[in-house]
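The values are calculated or read from the model by the stated rules, or taken from the named source; none is laboratory data. Since we're looking at a predicted model, the values are computed, not measured. Heads up, the Cβs are rebuilt from the backbone with ideal geometry, glycines too, and the neighbour counts pull from every protein chain shown. In case anyone asks, the SASA skips ligands and DNA or RNA and just uses the protein heavy atoms, side chains included. Shrake-Rupley method; radii C 1.70, N 1.55, O 1.52, S 1.80 Å.
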Amino acid sequence: MKHAFYIGQSHVVGGTTTDMVAIDNNWVFEQIWIGADDKLPRMVRAVFHADRQQLRHQIEFSNWQLDPTVAADAFASSSAAAARPIPFARPDLPALPPGIKPRTMAKGSKPN
């Protein structure tokens, strides 16, 4: 982050009093509207420095429902339950050629 500053209060987002904050870094300039009473984000507007057209990307948040009651099966899926599991491979490690096993170190030795 290169810069961050408080702009002031606003009443333009959903009829709610918000505190406006701006932040800037090497990639993006953002304005953020945060509810003055509930401290919840209400709107974010971003302009990416590399965007030659300087388009504004904006999202507005509303109808916050904190700690609602959620049914136990809300995230269940009969399709997922019946799906065939697939093996997990770490994406940060390159795959070894077939027939090659990773080198193991003797107990107590340190890598070079």
* Structure fact -> Amide H proximity to Thr17 below 5 Å, modelled H, separation 5+ or other chain, gives Ala36
* Approximate spin-label separation Ala82-Ile100, in nm, with each point projected 7 Å along Cα-to-Cβ -> 4.1 nm
* To do: Would you please put 71-80, 41-50, 20-29 in order of how densely packed they are, using the mean number of other Cβ atoms within 10 angstrom per residue and starting with the highest?
  => 41-50, 20-29, 71-80
* To do: May I ask you to rank Thr16, Thr69 by accessible area, largest first, using a 1.4 Å probe over the protein chains only?
  => Thr69, Thr16
* Okay, helix-only estimate at 222 nm for the chain: each DSSP H run of n ≥ 4 adds -39500 (n - 2.57), divide by all residues, round to 500 deg cm²/dmol; what do you get? -> -1000 deg cm²/dmol
* Asked: Which distance in nm do the two modelled labels at Ala72 and Asp24 give, with both placed 7 Å along the Cα-to-Cβ direction?
  -> 5.4 nm
* Structure fact -> With the dipole of the chain defined by +1 on each Lys or Arg Cβ and -1 on each Asp or Glu Cβ, the option from His57, Gly8, Asn26 whose Cα lies farthest towards the positive pole is Asn26
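Evaluate the charge dipole of segment 1-92 about its Cα centre and quote only its size in Debye, nearest 20, assuming +1 on the Cβ of each Lys and Arg and -1 on the Cβ of each Asp and Glu.
On the way: 8 positive and 10 negative charges, 73 e Å.
With only Lys, Arg, Asp and Glu charged at Cβ, the dipole is about 360 debye.
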* With +1 on each Lys and Arg Cβ and -1 on each Asp and Glu Cβ, how big is the dipole of segment 19-66 about its Cα centre, in debye rounded to the nearest 20? -> 180 debye
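Could you state the orientation-averaged shadow area of the convex hull built on the Cα atoms of the chain, in nm² to one decimal?
On the way: hull surface 65.8 nm².
Average of the hull's projected areas for the chain equals 16.5 nm².
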